[in-house]
Amino acid sequence: QVQLVESGGGLVQPGGSLTLSCTASGTIFSIYVMAWYRQAPGKQRELVATFSRDGSTNYADSVKGRFTIARDNAKNMAYLQMNSLEPEDTGVYYCKIDSSSGAFWGQGTQVSVSS
């Protein structure tokens, strides 16, 4: 059984920074893609960033230049460094992996950007 656990969310003022972490555990032979999604209140879940096994990354236009995704293959961990946060970044942030065992989601961590 595969589990994903996110951490690092919280309340931050506009212009501030947060770093989210995601730890994958269980029987995972190979993780192809680690990704972060977010869901704002009343909106659909959207892709924020991805980190593929080949080292390539992809970002939503709204976070380019402000967010950085990182990955530690040895620890099956992903990170999302978020800088210059804006109120529009508020939402629940989810970690997702695409692996040899299937696709899995974490339970989410709340990020709130407000003064």
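With only Lys, Arg, Asp and Glu charged, each at its Cβ (+1 for the first two, -1 for the last two), find how big the charge dipole of the range 20-115 is about the Cα centre; round to the nearest 20 debye.
With Lys and Arg at +1 and Asp and Glu at -1, about 140 debye.
Using alpha carbon centroids, what distance separates the range 59-115 and the range 33-57, in Å?
Their Cα centres are 6 Å away from one another.
Ignoring ligands, DNA and RNA, please state the percent of accessible area on the chain from carbon and sulfur, probe 1.4 Å.
About 47 percent, which is the carbon plus sulfur part of the accessible surface.
Given labels modelled 7 Å from the Cα in the Cβ direction, how far is it in nm from residue 3 to residue 73?
2.6
For the charge dipole of the chain, defined by +1 on Lys and Arg C-beta atoms and -1 on Asp and Glu C-beta atoms about the Cα centroid, which residue among 19, 65, 40 has the Cα displaced farthest towards the positive pole?
So the residue we want is 19.
Using a 7 Å offset from Cα along Cα-Cβ at residue 19, what residues in the range 54-79 end up with backbone N under 13 Å from the label point?
Under 13 Å, as judged by backbone N against the label point of residue 19, lie 68-72, 78-79 of the range 54-79.
Counting other Cβ atoms within 10 Å, keep those with at most 16, restrict to DSSP loop, and tell me which trypsin sites (Lys or Arg not before Pro) in the range 47-115 are left.
Answer by residue number: 53, 64, 66, 75.
Assuming R0 = 25 Å, what is the FRET efficiency of residue 61 and residue 28, from their Cβ-Cβ distance, to the nearest 0.05?
Efficiency computed from Cβ-Cβ geometry: 0.25.
Using the Karplus curve 6.51 cos²θ - 1.76 cosθ + 1.60 with θ = phi - 60°, what ³J(HN,Hα) values do you get for each residue of the range 102-107, in whole Hz, with x for Gly and Pro?
x, 9, 9, 10, x, 8
By how many nm would the segment from residue 103 to residue 11 lengthen if fully extended, with 0.36 nm per residue of separation less the alpha-carbon distance?
Length gained, residue 103 through residue 11: 30.2 nm.
If you count only protein heavy atoms with a 1.4 Å probe, what accessible area per residue comes out for the range 68-115, rounded to a whole Å²?
Accessible area per residue: 45 Å².
The values are calculated or read from the model by the stated rules, or taken from the named source; none is laboratory data. None of the values given here were measured: they were computed from a predicted structure. A quick note on method: Cβ atoms are made from the backbone with ideal geometry, for glycine too, and the neighbour counts reach across all protein chains shown. For the accessible areas, the whole protein counts, side chains as well, though only heavy atoms, and no ligand, DNA or RNA atoms are used. Shrake-Rupley method; radii C 1.70, N 1.55, O 1.52, S 1.80 Å.
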